[in-house]
Amino acid sequence: MLVLIRGAGDLASGIALRLFHAGFSVVMTDLPQPTAIRRTVSFSQALRFGKTTVEHVTAVRAQTKEDVQAALEAGRIPVLADPEAACARWLRPDALVDAILAKRNLGTAITDAPVVIGVGPGFTVGIDCHAVVETMRGHTLGRVIREGSALPNTNIPGLIGGFAGERVLRAPDDGIFRQKLEIGAMVAPGDVAGTVNEKPMVCTIAGVLRGILPDGTPVYKGMKSGDVDPRADEAACHTASDKAIAIGGGVLQAILEYTGVLRGVRGQNTLGR
């Protein structure tokens with residue numbers, strides 16, 4: 001079964017990992033110049049470097065149908081620079097997952113594939129997609145929504161280690177971002193992780209720099225450009241987050257359910273076999 005995922009950032013990559021390990025063929029799309037913060041766990045980096053590996057799964061840059069086929073046959077995840085997912089017309093996926101996480105629908109239609117799954121706010125079941133998966137941290141994270149929409153965006157990051165908005169580092173100005181620290185660096189309040197037009201992007205809490213934009217990225221003032229994890233576990237910088245894995249589990253369930261696979265499994269009586 002072929003699944004096309006729109007987006008290849010850290011949460012989309014967590015979804016891809018769950019689907020890949022469940023035996024699905026996975027194709028991903030992203031911007032030509034990806035803006036993922038958690039670059040060490042984002043398959044979008046295949047577009048920058050030609051290939052990248054996350055948790056022993058390798059993704060490669062693809063441009064043509066032949067590239068995609070070759071990657072899938074090699075057991076890899078092809079990633080295309082195709083933010084509109086125009087490739088869906090010739091891929092003809094069994095399922096399409098919109099994991100751009102733009103908090104609004106950027107063009108996905110319920111007719112794009114036999115099963116269309118929206119991830120997070122911006123999608124309404126029966127209008128934009130067949131099911132939605134919740135992305136807000138808390139009791140409903142990763143749940144499959146069969147009616148209505150996900151919880152509305154609060155613009156407040158989820159609580160981790162007792163911190164929420166303080167975790168996020170934002171560009172101090174419009175311009176070109178200059179990276180000063182590497183992912184995995186231990187930081188303290190007052191440390192400068194990057195600059196824009198010589199204006200500092202300052203850490204306000206202690207922890208590990210879990211993500212940061214690459215040097216030379218165009219940014220606007222207030223744009224999310226870094227992420228500090230107060231749990232200070234450097235190893236966690238190189239594995240998909242608990243949130244990504246939970247959402248991936250919800251997407252996996254939704255695809256199995258809405259393609260009829262789960263109904264087929266539930267209909268089997270295996271006693272006595």
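Some observations on this one:
- Members of region 193-228 that are part of a strand (DSSP E or B), closer than 22 Å to residue 238 by Cα and either among the polar types (S, T, N, Q) or open to solvent by 50 Å² or more (accessible area, probe 1.4 Å) (or both): 224, 225
- Just one residue in the set 58, 64, 29 is under 26 Å from residue 182 (Cα atoms), open to solvent by 20 Å² or more (accessible area, probe 1.4 Å) and not acidic (Asp, Glu); that residue is 58.
- Hits in region 108-141 (condition: assigned to a loop (DSSP other than H, G, I, E, B) and of a type in the set (A, V, I, L, M)): 109, 110, 113, 127, 136, 141
- Selection over region 93-118 of residues that are open to solvent by 60 Å² or more (accessible area, probe 1.4 Å) and either under 14 Å from residue 259 (Cβ atoms) or polar (S, T, N, Q) (or both) gives a count of 3.
- Subset tally (residues that are open to solvent by less than 50 Å² (accessible area, probe 1.4 Å) and either without any contact (Cβ under 8 Å) to a residue 40 or more places away in the chain or charged (D, E, K, R) (or both)) for region 141-152: 3
- Exclusive hit being out of contact with any His (no Cβ under 9 Å at 6 or more places or on another chain), modelled with pLDDT of 95 or more and charged (D, E, K, R), set 166, 147: 147
- Among the residues of region 69-90, those identified as surrounded by fewer than 22 Cβ atoms within 10 Å (Cβ to Cβ) and outside any loop (DSSP other than H, G, I, E, B) are 69, 70, 72, 73, 81, 88, 89, 90.
- Cβ-Cβ under 8 Å pairs, at least 6 apart or on other chains, region 115-137 side more than 20 Å from residue 242 (Cβ to Cβ) and touching a residue at least 40 places away in the same chain (Cβ under 8 Å), far side open to solvent by 10 Å² or more (accessible area, probe 1.4 Å) and assigned to a strand (DSSP E or B): 131/125; 131/144; 131/145
- Top-ranked residue in region 37-52 [being outside any loop (DSSP other than H, G, I, E, B) and over 12 Å from residue 78 (Cα atoms); ranked as least open to solvent (accessible area, probe 1.4 Å)]: 41
- Residue identified as without any contact (Cβ under 8 Å) to a residue 60 or more places away in the chain and under 22 Å from residue 244 (Cα atoms) among 74, 102, 62, 85: 102
- Residue check, residue 244 open to solvent by less than 10 Å² (accessible area, probe 1.4 Å), closer than 24 Å to residue 100 by Cβ and not in a strand (DSSP E or B): yes
The values are calculated or read from the model by the stated rules, or taken from the named source; none is laboratory data. Keep in mind it's a predicted model, so treat the numbers as computed, not measured. For neighbour counting, all protein chains shown are included, and Cβ atoms are generated from backbone atoms with ideal geometry for every residue, glycine included. When the accessible area is computed, the model is the full protein with side chains, heavy atoms only, and any ligands, DNA or RNA have been set aside. Shrake-Rupley method; radii C 1.70, N 1.55, O 1.52, S 1.80 Å.
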